[in-house]
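These notes concern the structure reproduced below.
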Amino acid sequence: MHRRALYVRSDDVEAVKAAPFYYLHLRRTAGRIVSVPLEHGPLLPAAKKYADPVFLFSPGRVGSTLIARVLAEAGVPSVSEPDFYSQLVHPLLRRNPLARPFRAAMWNLSGDLSAALGASPVIKLRAECARAPELFVRNPKAKTIVLFRGFEAWARSTAQVFGAGPEKAVRKYLTALKCYETLCQTSDCHLMRFEDWVSAPSEAAAALAAFLNRPLAPEAVRRALSQHSQEGTPLLGRRQPGWEGKWQAALALWRSKRVERARGVLQIPVVWD
């Protein structure tokens, strides 16, 4: 009874779906919080009705918020970055003896989220979740998505917005690559590249629609592409001081023999060029 899940009630499900960041939207709009013992299980009767969500993984700064906007515009049930998933992959919790009941609690929360949305949604995860993709796949038929961006452009954006040092940036990207390798082996994984959504959005959308078996109308894709996907968030227009030097250092480290060897052992197609 001392371990509890906290639910935040929202009266506007459509606003939750459309929010660039789910966790930020709830922090701004929360009016009621419900505390539930983990042993209770899911709150909603329909929580076990739906298949597991389709989880979208990425290293961040790859256009995943744009994809969430495309899905929202197309009416595909989806949410962007619910925080209870990223809490599960925290290193202290993963090594904790209570990791198993907390993982069960995550699936209960996930089932309630699916029931609230009325379908098995696409869940865009925060970048931290790439540390432990195995926690999000319960059977090999589960659908997952991984989104990448070429390393040079990704490292530039990461340095600009977050000011990440070279070691941290390269480690984060390699973690996402290893996540993709794991998901290819344990799930039905669909690879997307940000560059394809820029150069050929119709083809990228058609491939995603076929994978999800859900229509993505061309006009919905156009509406999403015409908007700035991070409008109204603290990340819009952010530039960290000294980012250019950190970006160049990350590129140098990425081209080092040590990192080349780390990339060379991965059993995945090249996605970083």
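The values are calculated or read from the model by the stated rules, or taken from the named source; none is laboratory data. All of these numbers come straight from a predicted model, not from anything done at the bench. Please note: Cβ atoms are built from the backbone with ideal geometry, for glycine as well, and neighbour counts cover all protein chains shown. For accessibility, only protein heavy atoms count, side chains too; no ligands or nucleic acids. Shrake-Rupley method; radii C 1.70, N 1.55, O 1.52, S 1.80 Å.
Just to be sure before I move on: is Lys143 closer than 19 Å to Leu191 by Cα and modelled with pLDDT of 95 or more in the structure I sent?
Yes.
Quickly run through the stretch 135-158 and pick out the residues that are in contact with a helix residue (DSSP H, G or I) (Cβ under 7 Å, 6 or more places away or on another chain), part of a helix (DSSP H, G or I) and more than 30 Å from Ala51 (Cβ to Cβ).
Phe151, Glu152, Trp154, Ala155, Arg156, Thr158
Using beta carbons and a limit of 6 Å, which pairs, at least six apart or on different chains, have the first residue in the stretch 205-217 and at pLDDT 95 or above and the second one surrounded by fewer than 16 Cβ atoms within 10 Å (Cβ to Cβ)?
Once the first residue is at pLDDT 95 or above and sits in the stretch 205-217, its partners that are surrounded by fewer than 16 Cβ atoms within 10 Å (Cβ to Cβ) give Ala209/Pro215.
For residues in the stretch 108-131 being open to solvent by 10 Å² or more (accessible area, probe 1.4 Å) and of a type in the set (S, T, N, Q), which is nearest to Leu6 (Cα to Cα)?
Asn108
Run down Arg156, Arg222 and say which single residue is open to solvent by 60 Å² or more (accessible area, probe 1.4 Å) and free of Cβ contacts under 8 Å to residues at least 40 places away in the same chain.
Answer to the check: Arg222.
Yes or no: the stretch 241-255 includes at least one residue that is basic (Lys, Arg), under 19 Å from Ala169 (Cβ atoms), open to solvent by 80 Å² or more (accessible area, probe 1.4 Å) and modelled with pLDDT of 95 or more.
Scanning the stretch 241-255, I find at least one residue that is basic (Lys, Arg), under 19 Å from Ala169 (Cβ atoms), open to solvent by 80 Å² or more (accessible area, probe 1.4 Å) and modelled with pLDDT of 95 or more, so the answer is yes.
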